[in-house]
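Please read through the structure below; I'll follow up with questions.
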Amino acid sequence: MTIPLYVSLDEAQAAAPVPANFLGLSFEVAALGQIAGYGGGGDLVTLLRSLGDGVLRFGGVTADEDIAWTDAQTQRPAWAAGVLEEGDLRALAGLASESGWRVLLTIGMGHYEPQAGAREAAAAKAALGQSLEAIELGNEPDSYARHGLRSPPWSFVQYEEQVSVYRSAIEALAPGIPLAGPDTSGSSAYESWGVGEVVYQRPALLTGHHYPLSCNERPPPSIARLLSPPIRQLEEVSLRRYMSVAALGEVPFRMDETGSVSCGGVPGVSDTFASTLWALSFITKAMSMGVAGINFEGNPNNCEGYTPLCAPTPQAAAAGALQAQPEWYALLLARALIGERPAPARIVSPEHANVVVSAFVASDGALRFVIVDDDPPGDRDAAVALNVGAGFHGASVLSLTAPSPEATSGVLLGGRAVEADGIWRQPARLPRVPDEHGTITVEVPPSSAALVTVAPLPRRAR
């Protein structure tokens, strides 16, 4: 038995192409030295290249609370648990050069030290050059008072006064560095913080965070909630808040930190195939709403949290032998959508189904549909009828599967896993589905996803 779903596409309303560097990863500043070191060995460069162009963002709570900049003019402060030095930035430049990825760097403001911040920014510009995407000032500064980093009252007004001092100091030492911000903890603060950033700071890039579930909520996070329609509805509300400010200021917005559950994730949810299905739906929604890019937060030393890549042992971490976690496969599939134009797709279904369908138009006239079936195992397959009209001849199907939503291994894209050296090899031939009078019907099992590519007929055959 199947659940019939009918999908109509409005190709004429296709939006601008998805940017080349849309996909990205985010790490704590505390992990910068470790990650940068993988430019000279290990499999990270291979893994990054498999996604095409991208952005590496370094930020997180450690940027504000734990890691301090040091150089010949800047001594290590007493509060710092660790330091960042010029050698770390030079190594990061090597990784950026080898992978082709750019760097978004957060300079902490948790401890008010604008001159040290300016020296760090100048060193980043000197080391990274054209690989420096932008500098962020502060990680989730809207939460500083809650975290004891500032005394209340603390609002964008106070933040703007301090960030302006940082910006002036940076401009004096290293003019022309693009600014990104305000890097808020969520979209609810954007009506004040985002608008204020646009008006007073004129950033090159707007940034903010999103986590669908909280580590401290009750009842605790679950796979059922992560893959539920209410969560997707809240994500759309969040993205609309961000994008309304971006449109107001005519500034691109990048979701520079996201993950399934806040505070590092929850084992049994964040490290499972369910996070893959969630991530794929969130990526395609962000693409369709005009987001400039998205960075998935990770920890190279914790395979049980929300991380696309990690080292399973200390020995593997030292060797740079990172392994692809379930969430990585969502990014691999999404790579096929880079440069294509999102188009509105409408589902008409006689029965309830927890299925998401996104549509894209390729430059060669092909259509691509991403189908994510979030229903639990044991439910009926979704028979998705894609109404593509005339001018097409059948489709290929690239499936994304795992043994169950709870699975932490066994994820396959096109029947293949990422190999130990970081390479994923697409099958030479994919299953095909015929075109029946302008409709292509694809059966998608519950708790799986598929990328359906519909090829246009040769012009002489139309």
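The values are calculated or read from the model by the stated rules, or taken from the named source; none is laboratory data. Please read all numbers here as calculations on a predicted model, not as lab measurements. No Cβ is skipped: glycine too gets one built from the backbone with ideal geometry, and neighbour counts run over all protein chains shown.
Looking at (1) farther than 17 Å from GLU340 by Cβ; (2) without any contact (Cβ under 8 Å) to a residue 60 or more places away in the chain, can you tell me which one SER396 breaks?
(1)
Out of region 244-275, which residues are closer than 24 Å to PRO182 by Cα, more than 16 Å from the chain's Cα centre (by Cα) and hydrophobic (A, V, I, L, M, F, W, C)? Explain how you work it out, then say what you get.
The first filter runs over region 244-275 and keeps only residues closer than 24 Å to PRO182 by Cα, leaving 244-265.
If we keep only those that are more than 16 Å from the chain's Cα centre (by Cα) as well, we get 244-251, 263.
If the condition is that a residue be closer than 24 Å to PRO182 by Cα, more than 16 Å from the chain's Cα centre (by Cα) and hydrophobic (A, V, I, L, M, F, W, C), then VAL245, ALA246, ALA247, LEU248, VAL251, CYS263 are the ones that fit.
If we keep just the residues of region 58-95 that are among the small types (Gly, Ala, Ser) and in a loop (DSSP other than H, G, I, E, B), which is farthest from GLY42 (Cα to Cα)?
ALA78
Kindly list the number of the only condition in (1) outside any strand (DSSP E or B); (2) modelled with pLDDT of 95 or more; (3) not small (Gly, Ala, Ser) that fails for PRO350.
(2)
When you go through GLY378, GLY410 one by one, which is the residue that is more than 28 Å from the chain's Cα centre (by Cα), over 30 Å from ASP364 (Cα atoms) and not assigned by TED's automatic domain parsing to the domain that holds ASP43?
Testing whether each residue is more than 28 Å from the chain's Cα centre (by Cα), over 30 Å from ASP364 (Cα atoms) and not assigned by TED's automatic domain parsing to the domain that holds ASP43 leaves just GLY378.
So is ALA334 at pLDDT 95 or above and either of a type in the set (A, V, I, L, M) or not in a loop (DSSP other than H, G, I, E, B) (or both) or not? Give the derivation first.
Values: at pLDDT 95 or above: yes; either of a type in the set (A, V, I, L, M) or not in a loop (DSSP other than H, G, I, E, B) (or both): yes.
Judged against the criteria, ALA334 is a match.
Moving to a separate point now. Which is more than 23 Å from ASN21 (Cβ to Cβ), buried (at least 17 other Cβ atoms within 10 Å of the Cβ), modelled with pLDDT under 95 and touching a strand residue (DSSP E or B) at 6+ places or on another chain (Cβ under 6 Å), of ALA395, ALA382?
Going through ALA395, ALA382 in turn, just one is more than 23 Å from ASN21 (Cβ to Cβ), buried (at least 17 other Cβ atoms within 10 Å of the Cβ), modelled with pLDDT under 95 and touching a strand residue (DSSP E or B) at 6+ places or on another chain (Cβ under 6 Å): ALA382.
Yes or no, residue by residue, for (1) in the same structural domain as THR276 (by TED's automatic domain parsing); (2) modelled with pLDDT of 95 or more; (3) in contact with a Ser or Thr (Cβ under 6 Å, 6 or more places away or on another chain):
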{"position": "ASN354", "(1), (2), (3)": "no, no, no"}
{"position": "PHE360", "(1), (2), (3)": "no, yes, no"}
{"position": "ASN387", "(1), (2), (3)": "no, no, yes"}
{"position": "ALA390", "(1), (2), (3)": "no, no, no"}
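Could you check TYR190 against (1) under 19 Å from GLY117 (Cβ atoms); (2) surrounded by 19 or more Cβ atoms within 10 Å (Cβ to Cβ) and say which number it fails?
(1)
Within region 89-106, identify whether any single residue is of a type in the set (Gly, Ala, Ser), modelled with pLDDT of 95 or more, touching a helix residue (DSSP H, G or I) at 6+ places or on another chain (Cβ under 9 Å) and over 26 Å from GLY54 (Cβ atoms), and answer yes or no.
Taking region 89-106 first, the residues of a type in the set (Gly, Ala, Ser) are 91, 93-94, 96-97, 99-100.
Now restrict to residues that are modelled with pLDDT of 95 or more: 91, 93-94, 96-97, 99-100.
Checking which are touching a helix residue (DSSP H, G or I) at 6+ places or on another chain (Cβ under 9 Å) leaves us with 91, 93-94, 96-97, 99-100.
In the following step, the residues that additionally are over 26 Å from GLY54 (Cβ atoms) were identified as none.
No, region 89-106 contains no residue that is of a type in the set (Gly, Ala, Ser), modelled with pLDDT of 95 or more, touching a helix residue (DSSP H, G or I) at 6+ places or on another chain (Cβ under 9 Å) and over 26 Å from GLY54 (Cβ atoms).
From TYR166, TYR144, grab the single residue that is buried (at least 20 other Cβ atoms within 10 Å of the Cβ), in the same structural domain as LEU105 (by TED's automatic domain parsing) and over 27 Å from the mean Cα position of the chain (by Cα).
Numbers: TYR144 fails: over 27 Å from the mean Cα position of the chain (by Cα).
Just one listed residue meets the conditions, TYR166.
If I ask for residues that are among the hydrophobic types (A, V, I, L, M, F, W, C), outside any loop (DSSP other than H, G, I, E, B) and surrounded by fewer than 22 Cβ atoms within 10 Å (Cβ to Cβ), which ones from region 247-287 would you list? Walk me through how you get there before you give the answer.
Our first condition is that a residue be among the hydrophobic types (A, V, I, L, M, F, W, C); within region 247-287, this holds for 247-248, 251, 253, 255, 261, 263, 266, 269, 273-274, 277-280, 282-283, 286-287.
So of that shortlist, the ones also outside any loop (DSSP other than H, G, I, E, B) come out as 247-248, 253, 255, 261, 273-274, 277-280, 282-283, 286-287.
The answer is ALA247, LEU248.
Could you identify the single residue in VAL61, VAL103, VAL83 that is within 19 Å of PRO300 (Cα to Cα) and crowded, with 20+ Cβ neighbours inside 10 Å? Walk me through it before giving the result.
Working: VAL61 fails: crowded, with 20+ Cβ neighbours inside 10 Å; VAL83 fails: crowded, with 20+ Cβ neighbours inside 10 Å.
That would be VAL103, the only listed residue that is within 19 Å of PRO300 (Cα to Cα) and crowded, with 20+ Cβ neighbours inside 10 Å.
Does at least one position in region 389-402 carry a residue that is aliphatic (A, V, I, L, M), under 29 Å from LEU44 (Cα atoms) and not in a strand (DSSP E or B)?
Within region 389-402, the subset aliphatic (A, V, I, L, M) is 390, 395, 397-398, 400, 402.
Still in the running and under 29 Å from LEU44 (Cα atoms): 397-398, 400, 402.
From what is left, the residues that are not in a strand (DSSP E or B) are 402.
Yes; the residues of region 389-402 include at least one that is aliphatic (A, V, I, L, M), under 29 Å from LEU44 (Cα atoms) and not in a strand (DSSP E or B).
Keeping to region 37-53, report how many residues are small (Gly, Ala, Ser) and either part of a helix (DSSP H, G or I) or buried (at least 23 other Cβ atoms within 10 Å of the Cβ) (or both). Reasoning before the result, please.
Within region 37-53, the subset small (Gly, Ala, Ser) is 37, 39-42, 50, 52.
So of that shortlist, the ones also either part of a helix (DSSP H, G or I) or buried (at least 23 other Cβ atoms within 10 Å of the Cβ) (or both) come out as 37, 39-40.
Qualifying residue count, region 37-53: 3.
Take the residues in region 211-235 that are surrounded by 15 or more Cβ atoms within 10 Å (Cβ to Cβ) and of a type in the set (D, E, K, R), then tell me which one is nearest to TYR190 (Cα to Cα).
The qualifying residue nearest to TYR190 (Cα to Cα) is GLU235.
If I ask for residues that are within 21 Å of GLU340 (Cα to Cα) and among the polar types (S, T, N, Q), which ones from region 267-288 would you list?
Selection gives SER281, THR284, SER288.
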